[in-house]
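> Right, I'll just put the structure down here and ask away after.
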Amino acid sequence: MSVEKAKSLKKCESCMTKTIAWGLIANTFLAAFKLFVGFMGRSRALIGSGLCNLSDVTSSIAVIIGVRFTKKPANARYPYGYGKVEFITQVLISCFMIMGTLALIYSSFITIAARVFVVPHMVVFFVAILSAIINGLLFKFSHCGGEELNSPVLRAHAEHNKIDVVSSLLVAIGVLVARKGMHWVDPAIAIFECAHVIHASVIILIDGLKGTMDTNMPEDFRDEIKNHILSVDGVLNVNKVLARQTGRHIVLDVVLELNPDLNVLQAKVINQKIKSLLRNVNKYIGHVALQIVPTEK
Amino acid sequence: MVPDKCVKCGKIVPVMVVVGNATLSAFQIIVGMMTGSKGLLADGIHSGADVLTSVMVIVTVGLSERKSDDKHPWGRGKSEFLGAVFAYAMLLYISVMILIDSTMAIFSGHVHPPHGAAFFCAVVAILANYILSSYGLCVGKKLNSPAMIANANENRSDMIASIAVSIGILLANCGFPILDPIAALIVGLMIGRMAVTLGLSALKNLVDESLPAEKKALLERVALQYKEVKGINYLHTRRVGQQAWIDMEIIIDSKRSVKEGHAIAREVRAALLRRFIQIKEVTITFTCKENPSAATPAWKIVTNKIQAGTNKGFNLAT
């Protein structure tokens with residue numbers, strides 16, 4: 001990896017940590033405020049949205065823990081590093097999200113069934129809009145960071161922020177409609193919102209589970225790696241490319257064919273060329289195991 | 001030579017432990033609820049925890065024994081750890097509930113002593129756990145199965161919990177009603193400890209923790225038995241379910257050909273697989289000690305030779 005790239009990654013990382021910390025603070029306040037106003041203003045949807053912020057807070061904490069672990073370098077006890085902690089925190093985040101929303105669905109059904117509708121106050125509307133703006137900004141930062149750092153947990157976190165935006169906007173609409181006299185809209189929106197959150201959480205959950213399960217990377221990615229290796233002088237064939245993710249990094253397991261008469265030192269030259277080439281084309285490639293087999297004549 | 005009798009027992013014991021614990025757990029929970037003994041109820045959950053882990057192992061081992069395919073080239077063994085993490089997270093939750101419930105009962109002051117029947121149930125649990133654990137220990141030691149021994153020790157700790165619970169119930173009926181929730185508290189702590197230690201070990205395996213250092217030393221020793229192997233550059237190990245995946249780089253003489261290097265690597269791999277049954281697969285790469293920059297001129301000649309010998313075109317510019 002070039003120095004410049006490493007520098008930009010580091011910058012991105014420190015920017016990311018700050019964003020998450022600010023997001024944590026902002027969402028804690030938003031959650032407290034929304035839950036308070038929601039209970040006072042009797043808006044189920046706002047309570048739901050507040051719970052959403054609350055789960056965002058837990059998710060931020062999980063992200064901070066996950067990122068702290070990933071930074072630790074690989075050692076004798078963890079030869080592949082701590083990257084997979086990110087997958088586990090990702091699973092944790094999605095479980096928090098699902099649990100929070102299931103509770104809300106239950107309470108919304110009760111409101112609709114009991115037919116106790118109260119007109120929400122206009123304050124609710126402004127809080128919801130404020131929350132949408134804050135989470136929109138947070139989404140922008142975490143999404144960019146997730147892509148740049150190739151961090152699964154940050155991507156999950158960004159998805160979480162996006163849900164908050166949608167839920168806040170829905171609440172704002174719900175308040176306006178409810179004030180026009182359609183009282184059932186508020187709890188109905190809450191239910192719709194929950195279904196949306198659960199759908200998104202399940203996707204994040206499956207993604208995290210796949211990561212911990214050592215799933216092979218998609219075929220087109222592996223083909224690309226294969227072509228890069230084939231472009232190195234001396235490589236006669238590539239028999240197998242396996243790729244798995246450990247958090248942000250990719251671990252490769254390659255079987256390649258070389259001329260049987262080359263000596264080990266020359267094979268080492270080829271190996272080093274392949275490794276530096278791969279790390280240049282993809283900065284997330286971590287450990288590479290190159291198994292050499294001689295070509296049959 | 002293991003006697004036939006023990007082999008037969010080895011097949012029966014796992015089934016018996018699961019069925020025995022499940023029956024015991026149901027019995028304890030029902031009696032605990034009927035007699036109002038918090039201690040017995042917690043102990044019933046404690047026995048049930050073993051059943052839960054056993055069932056989870058049966059389910060996930062079935063999954064991890066499925067053949068590895070293109071999508072899961074390393075197999076599905078990690079599902080065992082995932083299952084364990086979920087099961088122990090649930091247990092941790094239950095143990096916290098027990099702790100809260102019993103602490104509240106202790107501090108609220110008005111505790112009714114449980115019915116005397118609870119005591120007999122607790123005694124039955126002690127006996128059942130004793131029989132299960134001694135049977136399991138006998139077979140486990142004869143067959144040298146760490147899993148079975150661990151399971152038997154689990155039942156031993158269940159027995160200790162049951163003893164605490166029976167004492168709690170007995171004394172609760174002798175004028176110290178607070179001792180029953182205290183017994184529940186102890187059992188709750190035991191469940192919590194089990195959930196945390198076992199859950200953490202499953203989490204570590206999900207993060208690809210390496211095998212313990214002494215196991216790694218054994219692997220290295222086998223590889224170094226070959227005089228062609230001059231050293232080991234790195235040895236990465238990780239667990240995939242019950243089995244281990246080995247990733248190793250051996251150092252050999254730089255003068256040897258790729259063909260020889262491959263033959264050595266294959267032999268080391270075969271030796272490792274022969275020697276340790278718990279290895280799923282071995283990936284061996286080879287390298288040499290020398291710094292490659294010194295060999296660059298020689299390397300150029302050889303590439304030209306290859307170019308002449310094969311149809312593959314080279315881009316000499318790079």
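Please treat every number below as a calculation from the coordinates, not as lab data. Being a predicted model, the structure only gives us computed values, none of them experimental. Cβ atoms come from the backbone with ideal geometry, glycine included; neighbour counts cover every protein chain shown.
> What are the ³J(HN,Hα) values, in whole Hz, obtained from phi via the Karplus relation 6.51 cos²θ - 1.76 cosθ + 1.60 with θ = phi - 60°, for each residue of region B:209-224 in sequence order, with x given for Gly and Pro?
3J(HN,Hα) across region B:209-224, in whole Hz: 5, 7, 5, x, 4, 5, 5, 5, 4, 4, 4, 4, 4, 4, 5, 6.
> Using just the alpha carbons, could you tell me how many Å³ per residue the convex hull of chain A encloses? Intermediate results must be reported in sequence, preceding the final value.
Working: hull volume 39.6 nm³, N = 297.
Convex hull of Cα atoms, per residue: 133 Å³.
> Another question, if that's okay. Amide H neighbours of A:LYS240 under 5 Å, at least 5 residues apart or on other chains, H built in the peptide plane: list them.
It is A:VAL255, by chain and number.
> Listing A:VAL255, B:VAL15, B:VAL55 from the residue with the fewest other Cβ atoms within 10 Å to the one with the most, what is the order? Write down the numbers at each step before the final one.
Values: A:VAL255 17, B:VAL15 10, B:VAL55 14.
Least crowded to most crowded, the residues run B:VAL15, B:VAL55, A:VAL255.
> Averaged over B:4-14, how many beta carbons belonging to a partner chain fall within 10 Å of each residue's beta carbon?
Averaged over the peptide's residues, the number is 0.
> OK, next. Give me the net charge of B:SER254's neighbourhood, meaning all other residues with Cβ under 9 Å from the Cβ of B:SER254; Lys, Arg count +1, Asp, Glu -1.
Details: positive: A:LYS268, B:LYS255, B:ARG256, B:LYS289; negative: B:ASP253, B:GLU290.
Charge balance near B:SER254 sits at +2.
> Right, something else. Which links in A:LYS84/B:LYS216; B:LYS204/B:LYS259; A:LYS34/B:LYS38 stretch past 29 Å when you go from one Cα to the other? Display every interim value, and only then the final one.
Numbers: A:LYS84/B:LYS216 22 Å; B:LYS204/B:LYS259 38 Å; A:LYS34/B:LYS38 39 Å.
Long pairs (Cα-Cα over 29 Å): B:LYS204/B:LYS259; A:LYS34/B:LYS38.
> Quick one: which residues, 5 or more positions from B:ASN233 or on another chain, have an amide H under 5 Å from its amide H? H modelled 1.01 Å from N in the peptide plane, none for Pro or chain starts.
Amide H to amide H, under 5 Å and 5 or more residues apart or across chains, B:ASN233 pairs with B:GLU249, B:ILE250, B:ILE251.
> If I fit a long axis through the Cα atoms of helix B:38-64 and take the longest principal axis of the Cα atoms of chain B, what angle between them do I get, 0 to 90°, rounded to 10?
That works out to roughly 30 degrees.
> Let me ask you something else. Based on alpha-carbon atoms only, what is the radius of gyration of region B:133-200 relative to the globular estimate 2.2 N^0.38 Å? List each step's numbers first, then the result.
Working: Rg = 15.3 Å, N = 68, 2.2 N^0.38 = 10.9 Å.
Rounded to two decimals, the normalised Rg is 1.40.
> In square nanometres, what is the average projected area of the Cα convex hull of the protein assembly as shown? Working shown, then result.
Numbers: hull surface 139.6 nm².
Answer in nm², one decimal: 34.9.
> Rank B:LEU200, B:LEU91, B:LEU273 by mean-square fluctuation in a GNM of chain B with C-alpha springs under 10 angstrom and give only the top-ranked residue.
Taking springs between Cα atoms under 10 Å, the residue moving most is B:LEU273.
> Return the average number of partner chain Cβ atoms within 10 angstrom of each residue Cβ along peptide A:73-82. Working shown, then result.
On the way: counts 0, 3, 1, 6, 7, 7, 10, 7, 2, 3.
The mean count of partner-chain Cβ atoms within 10 Å per residue comes to 5.
> Further question: Hey, got the Cα dimensions of region B:137-262 along the principal axes, in Å, largest first?
85, 33, 18
> What is the calculated FRET efficiency for A:PHE39 to A:LEU137, with r their C-beta to C-beta distance and R₀ = 35 Å, to the nearest 0.05?
On the way: r = 27 Å, r/R0 = 0.76.
The value I calculate is 0.85.
> A follow-up question, please. For B:ILE279, list long-range residues whose amide hydrogen, built 1.01 Å from N in the peptide plane, is under 5 Å from its own amide hydrogen.
Amide H to amide H, under 5 Å and 5 or more residues apart or across chains, B:ILE279 pairs with B:ALA244.
> Also, I was wondering about something else. Over 18 Å, how big is the tail of the calculated P(r) for region B:221-281, in percent of all Cα pairs? Working shown, then result.
On the way: 637 of 1830 pairs.
The calculated P(r) of region B:221-281 puts 35 percent of pairs beyond 18 Å.
> Another question about this same structure. Please list, in order along region A:62-69, the HN-Hα scalar couplings obtained from phi with the Karplus expression 6.51 cos²θ - 1.76 cosθ + 1.60 (θ = phi - 60°), rounded to whole Hz, x for Gly and Pro.
So the J values, rounded to whole Hz, are 4, 4, 4, 4, x, 5, 4, 5.
> Turning to a different aspect of this structure: Give the calculated FRET efficiency between B:VAL7 and B:LEU189 to the nearest 0.05, with a Förster radius of 45 Å applied to their Cβ-Cβ distance. Numbers along the way, then the final one.
On the way: r = 38 Å, r/R0 = 0.85.
That pair, B:VAL7 with B:LEU189, gives E of 0.70.
> Averaged across A:254-260, how many Cβ atoms of other chains sit within 10 Å of each residue's Cβ atom? Write down the numbers at each step before the final one.
On the way: counts 2, 2, 0, 1, 6, 9, 6.
The shielding value for this peptide is 4.
> Moving on. For chain A, with a Gaussian network of springs between Cα atoms less than 10 Å apart, report the residue from A:ALA31, A:ALA76, A:ALA172 with the top mean-square fluctuation.
Highest fluctuation among the options: A:ALA76.
> Under 20 Å between alpha carbons, and skipping anything fewer than 8 positions from B:LYS141 in its own chain: which lysines qualify?
Qualifying lysines at Cα under 20 Å: B:LYS5, B:LYS8, B:LYS11.
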